[in-house]
Every structure is written in C-alpha cells, then in structure tokens.
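The values are calculated or read from the model by the stated rules, or taken from the named source; none is laboratory data. The structure presented is a predicted model; accordingly, all values stated were derived computationally and were not measured. All Cβ positions, even for glycine, are placed from backbone atoms using ideal geometry, and neighbour counts span all protein chains on display. For accessibility, only protein heavy atoms count, side chains too; no ligands or nucleic acids. Shrake-Rupley method; radii C 1.70, N 1.55, O 1.52, S 1.80 Å.
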Amino acid sequence: KIKKNIHFPSQNGDAVPPPSCMAFLIPSPPSRRWHERLDFFHGRKNWQPKHCNFSQQFANRAPPSNLVFNSKVEGTIFTTPTSNFGSRVRHVLLALALEDKFIQKRPPGFKTPEFKVISPFGKIPALLLPDGLVIPESDVICRYLIERHWSQGGSDLWPSSAETAAVGNFLIRTHDIYMHPNQKALYGTMDEAERQKCFDGIRANLDIIEAYLDPDSPLVAGDSLTLPDISLYPTFVYYQYILPRCWGWAAEEVFEGRPKLQRWWRRVLEDPIAQRIKADIESGLERWASPPDGRIYKLMASLGRA
Ligand SMILES: N[C@@H](CCC(=O)N[C@@H](CS)C(=O)NCC(=O)O)C(=O)O
C-alpha cells in the first residue's frame with residue numbers, strides 16, 4: 001500500500017512531502033539523508049524492526065518525535081560527553097556560543113541498525129540537519145560548523161596562515177588516522193604484546209606531533225585555540241587519566257622529552273572551554289573506572305589489577 005499523506009517537517013516546522021513515493025516500493029541505495037536511508041534499510045534482509053526502538057516511528061515514516069525540529073534548532077548531534085571525537089564538536093559549539101541551537105543526544109547504541117540509519121558507520125559523533133542531511137565524522141562536522149558560522153566567530157577557530165593551517169591539518173590527520181587505532185590499548189581486551197605495540201605506536205605519534213608543534217608558539221596557530229588544538233586535546237585527557245592509573249606510565253610520561261607538547265598541553269588547559277570539556281570527559285572516565293561495571297574497572301579486574 002502506498003501511503004500518500006505522510007509528511008516530514010521542514011526546517012521551519014512546516015510539513016513537506018516525502019522525497020519520492022517510489023521510495024515506499026523500491027529499496028533505495030544508501031542515501032546521505034536519513035529518511036531516504038530508512039527506505040534502504042527497510043528493504044534489507046537483516047533489518048529487524050522488532051529490535052529497534054524507533055521502529056514504530058520508522059514504520060509510520062514519521063521522524064522520531066524528539067528529532068522534530070523547530071526554527072530555533074539548527075540540528076541534532078549524536079554524541080556522548082565522554083567521547084573524545086564528540087568532545088571536539090562540543091568544544092566548537094561552545095566556542096561559537098551555539099550550544100542552545102543544537103540538540104545533543106546519546107546514540108541509541110553503536111552500530112545498531114537503528115543508529116546506522118542515522119550514522120553511516122554507526123559511530124559518534126554524527127550531525128543530523130533539519131532537512132535530513134547527515135554529516136558524519138567529527139572533523140567534517142567541526143569544519144561545517146566553522147564554515148557555516150565563519151563571520152560569527154568561526155574564522156577565529158581557523159589558523160590564519162596557509163602554512164599553520166597545513167601543519168594543523170597534518171596534526172589532525174596524524175591523530176585521526178595514525179594515532180587513534182592505538183587508543184584501544186587504553187581500555188580494550190588484547191594480549192600484552194599487542195597492547196605494548198599500541199603504546200609504541202602512541203609514543204611514535206607523540207614524537208611526530210612534537211616535531212610539528214611551533215617552537216615559537218605554545219598553540220598550533222596564534223594566541224588562541226584553533227581547530228587543531230581543539231581536535232587533539234580530548235585524547236590527551238584520556239592519556240593523562242588512563243595511562244598512569246592503569247598502565248604504569250609516569251604522571252608526565254606522555255610529555256617526557258617532548259617540551260613543546262608539554263607547553264602546548266599546559267596552554268590549552270588555561271582555556272575555560274577546554275577545562276569544561278576535560279571535566280566532562282573525566283567524569284565519564286571516572287564511571288568507566290568504577291566498580292562493578294565500569295569498562296576499565298572490569299578490564300583491570302580481569303587482569304588481576306583492579
Ligand atoms: N573518525 C571518527 C571516529 C569516531 C569514533 O571512533 N567514535 C567512537 C566513540 S569516541 C565510536 O563511535 N565508537 C563506537 C564504535 O566504533 O562502535 C570521527 O572522527 O568521528
């Protein structure tokens with residue numbers, strides 16, 4: 001049966017027709033808009049609406065009620081306060097005084113079918129815009145927010161010279177592509193040899209970051225935090241909290257022999273937004289470290305180190 005009169009809300013809250021009535025009949029390919037992706041998932045064998053909290057709303061083709069936008073809201077960000085990737089997006093929102101314009105929601109489970117309707121890789125953060133466009137990936141979301149609000153403070157978050165921007169981009173890529181895969185050693189289950197290999201990987205990447213920091217300036221570019229600083233430091237909050245507590249690193253080992261990195265870290269922590277983000281991440285990590293169910297606590301207990 002084709003239902004003809006189901007409508008999506010537009011940015012200003014008015015109803016707009018669904019994109020195509022054919023979408024009800026033929027599974028569409030993956031789309032960048034969540035409601036079109038919905039059609040695709042409905043056509044899949046492994047789509048199991050009964051396991052999906054949103055299923056009733058999806059079946060009715062109405063967006064979940066908590067995702068209906070009004071003119072005051074610019075989008076919904078799926079994230080958690082503990083996520084290091086989500087934290088860079090929160091930092092940008094706070095720096096641009098946009099926090100009230102974005103709904104921040106926890107994902108309904110990672111990599112679940114219902115969340116994959118929203119986020120292509122089932123990862124957070126993901127930004128859902130009122131017209132249904134999904135912007136995944138923290139770096140992409142931050143750049144979108146900066147560009148969208150360029151003349152309302154966005155330009156202050158961007159390095160001012162082409163060279164400092166290139167260095168900053170390289171640092172973000174070093175973190176996201178090469179360093180992040182080693183992060184699992186902080187709280188994941190693996191054998192000791194693999195864990196030490198990840199730690200060696202982290203050390204090697206710390207040296208590369210040290211090499212690329214400016215000898216004449218504590219921050220990556222200029223006197224205030226820009227996107228590269230904002231992007232890197234939540235992971236250092238993880239390192240500083242977890243490595244000494246759980247894995248026997250000295251309190252300042254991350255910075256040992258890396259004076260530029262140490263100066264960078266101290267300077268970043270003078271920033272009030274950075275302080276707030278650090279407190280949020282650490283309260284999440286504290287839960288992870290708490291008995292009986294915290295993920296770090298359970299791991300340490302299984303290794304006889306709790
Ligand atoms: N490249 C992604 C990485 C995001 C990422 O790894 N997010 C973590 C949380 S911090 C996640 O969603 N993990 C769940 C999973 O991979 O299942 C980005 O920059 O957004």
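In this calculation the C-beta distance from SER217 to ALA301 is compared with R0 = 45 Å, giving a FRET efficiency of 0.55. With a/c under 1.5 counting as rounded, go ahead and sort segment 66-207 into rounded, prolate or oblate using the C-alpha gyration tensor (a ≥ b ≥ c being the square roots of the eigenvalues; past the cut-off, prolate if a/b is larger than b/c, else oblate). The shape class here is oblate. Label reach from ARG263 (point 7 Å along Cα→C-beta): in segment 183-217, amide nitrogens under 16 Å belong to 209-217.
Average accessible surface for segment 159-302: 46 Å² per residue, computed with a 1.4 Å probe over protein heavy atoms with every protein chain in place.
In segment 159-302, Rg over Rh equals 0.98, where Rg is the alpha-carbon radius of gyration and Rh the Kirkwood radius from pairwise Cα distances. The label-point distance for VAL140 and PHE121, in a model that sets each label 7 Å from Cα toward Cβ, rounds to 0.9 nm. Between segment 111-150 and segment 252-306, the C-alpha centres lie 26 angstrom from each other. Among the protein heavy atoms, those of ILE273 account for about 40 Å² of accessible surface (1.4 Å probe, every chain in place).
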